[in-house]
């Protein structure tokens, strides 16, 4: 038995102990109303109360559970069912006449406690345990009536003037107990079957929930890894667009200045001034990129305003004529789709500013029922798109990766002296 199942059984036994004590208290109130004298019932409540208190003690005491191991639960079930059943039959002749003092009344008195034991049996031992419990209680009751009560009558000789404590049960009385045992056994089997099936279904659902939780944990872990990977790629894109471009330009200018240093100091100083200006520009671009990483414009402005700000800022920095076409509103897009659209537009616009030497920049965002399309176009130098794809230029690779992650397609149309068009299409993005 694992720790969780053992904890459940202990909690169930403790609840059963309190229910047993509560039932005895309720039964005492009923007897107080039925019988004018309760002194004749003191032995009944004393013995049953002692059994219930012993059961409560064993339920809360961890020692017997550790000592007995797997025998602990059967012992508790035996205490819960056998002691009340046997004790009630031994006390039956001594109880005062009344509605709950005959054989039928005593069977009714035993029933709630036995049902508690039945539920615990069905919880732990399923259908086989239910059948064994039902048959064992019936057999124990018949053995008590047929053998134990006559044996006690034979061993204990009554004193003169006192009622006979253990009188043998007549044949017709045995028939009554036999009928009660059969009816109770059928009832126990019927109830036990339903309880065991419900518990089996509960365990199946718990197992299904555990498997679903394991799958969800694995999915969450995979999603977290994918998110980290995407964030790393985004950082790589940002560093490529800022530090890589700036450092490359500075390196070229410094190499040229070193070549001119001994031949033309004026030209060398001019190149060094250009390198210094490129350093300042790169530092400004790096700071801008870091600021964008700390707080995405999408979170502050939304996609449409963020694209507008991106295009207007780039056009102002590079002195470009800007043509901007954005819809008045967009339907709700997932955060991943919005992020992909914005970052691809940002990469394309920065390429225009840094490399295209263009005079005009066009940014359009169009939305239809089937797809959403982003296009960034310039009239600059252009490049050989096929050769750039084969060389694995990092910016182009990054844009394609972003498009694939959201189920989109990226098309690049460019040629030497023909400008460049970046077209992103995301189907079923709405």
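Just to verify a number: FRET efficiency for residue 54 and residue 179, C-beta to C-beta distance, R0 = 25 Å, to 0.05? Present the calculation step by step, with values, prior to reporting the outcome.
Numbers: r = 32 Å, r/R0 = 1.26.
For residue 54 and residue 179, the calculated efficiency is 0.20.
Working from label points 7 Å from Cα in the Cα-to-Cβ sense, the residue 68 to residue 409 distance is 7.3 nm. Within segment 301-430, DSSP assigns beta bridges of which about 80% are antiparallel (rounded to the nearest 5).
Going by average Cβ neighbours within 10 Å, how do the peptides 339-349, 72-82 rank, with the highest at the top?
Values: 339-349: 23.6, 72-82: 18.7.
Most protected by this proxy first, the peptides run 339-349, 72-82.
Per-peptide packing, taken as the mean over residues of other Cβ atoms within 10 Å, places 259-267, 359-367, 373-381 in the sequence 373-381, 359-367, 259-267 from highest down.
If a spin label sat at a point 7 angstrom from the Cα of residue 217 along the line to its beta carbon, the backbone N atoms of segment 5-33 nearer than 18 Å would be those of 5.
From the square roots a ≥ b ≥ c of the eigenvalues of the alpha-carbon gyration tensor of segment 301-430, which class results: rounded (a/c under 1.5), prolate (a/b over b/c), or oblate? Here segment 301-430 falls in the oblate category. Once both labels are positioned 7 Å from their Cα atoms along Cα-to-Cβ, the gap between residue 15 and residue 371 label points is 5.9 nm.
Length available on full extension from residue 132 to residue 283: 0.36 nm per residue minus the Cα-Cα distance, which gives 46.1 nm. A Förster distance of 35 Å, applied to the separation of the beta-carbon atoms of residue 30 and residue 202, puts the FRET efficiency at 0.55. Pop the C-beta distance of residue 423 and residue 194 into the FRET formula with R0 = 60 Å and round what comes out to the nearest 0.05. So, using R0 = 60 Å, E works out to roughly 0.40.
At 0.36 nm per residue, minus the direct Cα-Cα distance, what do residue 46 and residue 386 gain on full extension? Give it in nm, one decimal, please. Intermediate results must be reported in sequence, preceding the final value.
Details: separation 340, 0.36 × 340 = 122.40 nm, distance 9.70 nm.
Residue separation times 0.36 nm, minus the Cα-Cα distance, leaves 112.7 nm.
The numbers here are math on the coordinates, done by the rules we state, and not lab data. None of the values given here were measured: they were computed from a predicted structure. Neighbour counts run over all protein chains shown; Cβ positions are idealised from the backbone, glycine included.
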